[in-house]
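Written out below as structure tokens is the structure these notes cover.
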Amino acid sequence: MPGLKLQGKNVWLTGASSGIGEALAYELARRGARVAITARRAEVLEKIVSEIRAQGGQAWSFRGDVTNLEEMKRVVADIEQTVGPIDLAIPNAGTHLFTVPEQFNSAEYLSIMQLNFGGILFCIEAVLPRMLERGKGYLAPVASLAGYRGLPRAAAYGASKSAAIHFLESIRFHLVRRNITVSIVNPGFVKTPLTDKNDFQMPFLVDADRAAKIICRGIERGKREIAFPWPFTWVLKIARILPDRIYEVLVNRCW
Ligand SMILES: NC(=O)c1ccc[n+]([C@@H]2O[C@H](COP(=O)([O-])OP(=O)(O)OC[C@H]3O[C@@H](n4cnc5c(N)ncnc54)[C@H](OP(=O)(O)O)[C@@H]3O)[C@@H](O)[C@H]2O)c1
């Protein structure tokens, strides 16, 4: 797939007020992109914009909630008016929630689905018609390696990320014919305020700045999947093809 040189490109990034998104905002700007950042906390976004500008980069903030389709459409319209046509959209906003079936509450699952999967859908619905009209564009939504296979306590999160991966792989068949590239970003564990809450040892943990560099490099190279870190990715890729019984024995040993 064709890569995208980030220098001078207009990029829309959601979930930019913290963690991977915040690090990505800085890295994109460092690479010369014009960065439009979205999240719900406007004051945090404003600080990041000031910092990026102080470092000589170009950034703008557009507050919005990714679970609100009308807000996403308004944000995209505002960005295109202020910054210019969006070349690259990175729907990254999302969260994690541990769930156990012993205290089953479908509302929890649906709310994670609404944010992690629905948020990607709403961002794409807001930006894709414009990309199709222009006959070019690049989408790089953030899913997760946790979307590969079922894991304990991860039924809600994993399902939302699995849905995102399946959806993106499917639409890519169509969009590639319309000159729109789709890279699926599948991080392993990244040190962010989200994972700081985890109560277990996270294998192959990487910091957010490193994650941001890997994601930008993957987009510049037009990679179908930007999965990292590679040792953990390969462990999970192999786990994906293991017979269910063996997979369960191995996961039960670590859990
Ligand atoms: N960290 C990891 O190990 C890891 C691994 C794989 C995948 N991921 C994925 O990477 C993405 C970022 O995760 P992170 O670790 O950087 O988490 P984080 O530090 O908690 O950041 C989450 C971001 O999403 C924004 N957000 C949350 N709900 C939103 C909403 N309704 N509308 C708009 N923005 C919203 C938050 O900003 P506001 O609160 O200001 O809205 C924040 O900027 C998520 O999709 C996550 O699932 C993370």
Seminar exercise, completed: Selection from segment 132-156 of residues farther than 30 Å from residue 203 by Cα and crowded, with 23+ Cβ neighbours inside 10 Å yields 137, 138
For this session: Could you look through segment 130-177, keep only residues that are in contact (Cβ under 8 Å) with a residue 40 or more places away in the chain and of a type in the set (Phe, Trp, Tyr), and pick out the one that is nearest to the ligand (Cβ to nearest atom)?
Result: 157
Problem set entry | Per-region count, segment 193-222, residues aromatic (Phe, Trp, Tyr) and either within 12 Å of the ligand (Cβ to nearest atom) or closer than 17 Å to residue 26 by Cβ (or both) | 1
For this session: Quick one: count up the residues across segment 97-145 that are among the small types (Gly, Ala, Ser) and under 13 Å from the mean Cα position of the chain (by Cα).
Result: 5
Problem set entry | Residues within segment 193-234 that are in a helix (DSSP H, G or I), touching a residue at least 12 places away in the same chain (Cβ under 8 Å) and farther than 21 Å from residue 92 by Cα, tallied | 1
For this session: Using the structure shown, decide if residue 21 is on the phi > 0 side of the Ramachandran plot and not acidic (Asp, Glu).
Result: no
For this session: Working carefully through the options 81, 103, find the one that is of a type in the set (S, T, N, Q), away from the ligand (no atom under 13 Å from the Cβ) and either within 30 Å of residue 152 (Cβ to Cβ) or surrounded by 19 or more Cβ atoms within 10 Å (Cβ to Cβ) (or both).
Result: 103
For this session: Determine the pairs where a residue that is of a type in the set (S, T, N, Q), located within segment 9-36, has a partner that is away from the ligand (no atom under 13 Å from the Cβ) and assigned to a loop (DSSP other than H, G, I, E, B) with Cβ atoms under 9 Å apart, the partner being 6 or more residues away or on another chain.
Result: 10/33; 10/83; 10/84; 10/85; 10/86; 10/87
For this session: Would you mention how many residues in segment 91-100 are surrounded by 13 or more Cβ atoms within 10 Å (Cβ to Cβ) and more than 9 Å from the ligand (Cβ to nearest atom)?
Result: 3
Exercise. Filter segment 31-54 for residues that are over 16 Å from residue 17 (Cβ atoms) and either surrounded by fewer than 17 Cβ atoms within 10 Å (Cβ to Cβ) or aromatic (Phe, Trp, Tyr) (or both); which is farthest from the ligand (Cβ to nearest atom)?
Worked result: 32
For this session: Could you tell me whether any residue of segment 200-210 is surrounded by 18 or more Cβ atoms within 10 Å (Cβ to Cβ) and under 24 Å from residue 113 (Cα atoms)?
Result: yes
Problem set entry | segment 56-82 residues that are among the β-branched types (Val, Ile, Thr), paired with ones that are modelled with pLDDT of 95 or more and away from the ligand (no atom under 14 Å from the Cβ) (beta carbon under 8 Å, 6 or more apart) | 76/86; 76/127; 76/130; 79/10; 79/60; 79/86; 82/60
Exercise. How many of the residues in segment 42-72 are more than 15 Å from residue 28 (Cα to Cα), part of a helix (DSSP H, G or I) and basic (Lys, Arg)?
Worked result: 1
For this session: For segment 63-73, enumerate the residues that are surrounded by 23 or more Cβ atoms within 10 Å (Cβ to Cβ) and of a type in the set (A, V, I, L, M, F, W, C).
Result: 66, 72
For this session: Check segment 182-192 and report whether any residue there is assigned to a helix (DSSP H, G or I) and either more than 11 Å from the ligand (Cβ to nearest atom) or surrounded by 13 or more Cβ atoms within 10 Å (Cβ to Cβ) (or both).
Result: no
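The values are calculated or read from the model by the stated rules, or taken from the named source; none is laboratory data. Quick caveat, the model's predicted, so the values are computed rather than measured. Please note: Cβ atoms are built from the backbone with ideal geometry, for glycine as well, and neighbour counts cover all protein chains shown.
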